[in-house]
Amino acid sequence: MKKPKPIEPEDLDCGKPIATTITEVDPDDPEWVEKVAEITGAVSGDTYVKLDHGILTVNQIDMFLKAMPFELTYADDNNQFLYYNNAHQDPDTMFAKRVPPQSGSRMSTVHGSLPPARMKNVEWVIGTLRNGNQEYVRTIVPGSPAGVINTHNYQAMYYPDGSYAGINEIVFNFQPWLDWYLKETGQRLVGGSGPFAPAGGHGDADATSGASDAGGDGDGGHGGGGADATSGASA
């Protein structure tokens, strides 16, 4: 078992631009998507995009991602929140609330309302994945209402050379999946006195922190609070 690398302080202000960073637009500009699309000539609509193993139009990619049974977010290795699959008409119905003006934002802005101790948790998740100490960090947000197991999975992404490229986060209610599995297999949950504990890819994380999302005011519940961040990896 390899020894984890020490975690260095993370620059959550996008202060280390990477090859794909668009420096002409401030990351916190609420019109970041529209302005960057114009600067880069980003394609849209029915324009075809060649992917790793397939060809889809931009509209098809959007439909594909929005149809995923998860809230998805993407933060790059410059700690810039670039994307979420905007499938909810009402952000308050999300497990990790995100709003369109957040796309492009600095992670420090996304998580700006968190107290310093919780910001350290954000840095820990990012640093753990950046260092390769774990391939993922997985948490269950406490305090969710009955029928909800608010699950967040932060997955490290890598460039072809193996270096860290950012975080792919999925957020979902695990309860229906668990209920379905138990029904289909005829099994049931029994016993257990251990606490709800977050699980990582060989480690732990605070269950109310993340690397990029915008959860709800610390209540960890479905549809609560503002768009600051109590858990997640990219919003």
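Tally time: how many residues in the range 7-34 are more than 28 Å from Lys120 (Cβ to Cβ), among the hydrophobic types (A, V, I, L, M, F, W, C) and assigned to a loop (DSSP other than H, G, I, E, B)?
3
Could you tell me which residue of the range 43-97 is surrounded by the fewest Cβ atoms within 10 Å (Cβ to Cβ), considering only residues that are of a type in the set (Gly, Ala, Ser) and modelled with pLDDT under 95?
Ala87
Looking for whichever is touching a helix residue (DSSP H, G or I) at 6+ places or on another chain (Cβ under 9 Å) and either not basic (Lys, Arg) or not in a strand (DSSP E or B) (or both) here; the options are Ala75, Ala37. Which one fits?
Exactly one residue qualifies, and that residue is Ala75.
State whether the residues of the range 166-184 include one that is of a type outside the set (Phe, Trp, Tyr), within 15 Å of the chain's Cα centre (by Cα) and modelled with pLDDT under 95.
No, because not a single residue in the range 166-184 is of a type outside the set (Phe, Trp, Tyr), within 15 Å of the chain's Cα centre (by Cα) and modelled with pLDDT under 95.
Only one of (1) over 30 Å from Met119 (Cα atoms); (2) among the small types (Gly, Ala, Ser); (3) exposed (fewer than 11 other Cβ atoms within 10 Å of the Cβ) is not met by Ala19, so which one is it?
(1)
Any chance you could count how many residues in the range 40-64 are touching a strand residue (DSSP E or B) at 6+ places or on another chain (Cβ under 7 Å), in a strand (DSSP E or B) and either of a type in the set (A, V, I, L, M, F, W, C) or within 14 Å of Leu82 (Cβ to Cβ) (or both)?
3
Only one of Val171, Val122 is touching a residue at least 60 places away in the same chain (Cβ under 8 Å), in a helix (DSSP H, G or I) and closer than 29 Å to Ala19 by Cα; which?
Every option except Val122 fails the conditions.
Suppose the filter is free of Cβ contacts under 8 Å to residues at least 24 places away in the same chain and surrounded by 15 or more Cβ atoms within 10 Å (Cβ to Cβ); does Lys35 pass it?
yes
Pairs please, first residue from the range 80-97 and outside any loop (DSSP other than H, G, I, E, B), second anywhere and surrounded by fewer than 17 Cβ atoms within 10 Å (Cβ to Cβ) and small (Gly, Ala, Ser), Cβ atoms under 7 Å, 6+ apart in sequence or on different chains.
The qualifying pairs are Asp92/Gly223; Thr93/Gly223.
Please enumerate the residues belonging to the range 174-183 that are in a helix (DSSP H, G or I) and either over 15 Å from Val148 (Cβ atoms) or not polar (S, T, N, Q) (or both).
Pro176, Trp177, Leu178, Asp179, Trp180, Tyr181, Leu182, Lys183
Among Pro4, Pro27, Pro17, which is the only one that is out of contact with any Pro (no Cβ under 7 Å at 6 or more places or on another chain), within 21 Å of Tyr154 (Cα to Cα) and touching a residue at least 12 places away in the same chain (Cβ under 8 Å)?
Unique residue meeting the criteria: Pro4.
Go through the range 134-148 and give me each residue that's over 30 Å from Gly162 (Cα atoms) and under 14 Å from the mean Cα position of the chain (by Cα).
Val141
For the condition surrounded by 13 or more Cβ atoms within 10 Å (Cβ to Cβ), assigned to a loop (DSSP other than H, G, I, E, B), modelled with pLDDT under 95 and of a type outside the set (Ser, Thr, Tyr), what is the one hit in Gly192, Gly225?
When all the criteria are applied, what remains is Gly225.
The values are calculated or read from the model by the stated rules, or taken from the named source; none is laboratory data. What you are looking at is a predicted structure, and each value in this text was computed from that prediction instead of being measured. Glycine gets a Cβ as well: all are built from the backbone with ideal geometry, and neighbour counts include every protein chain shown.
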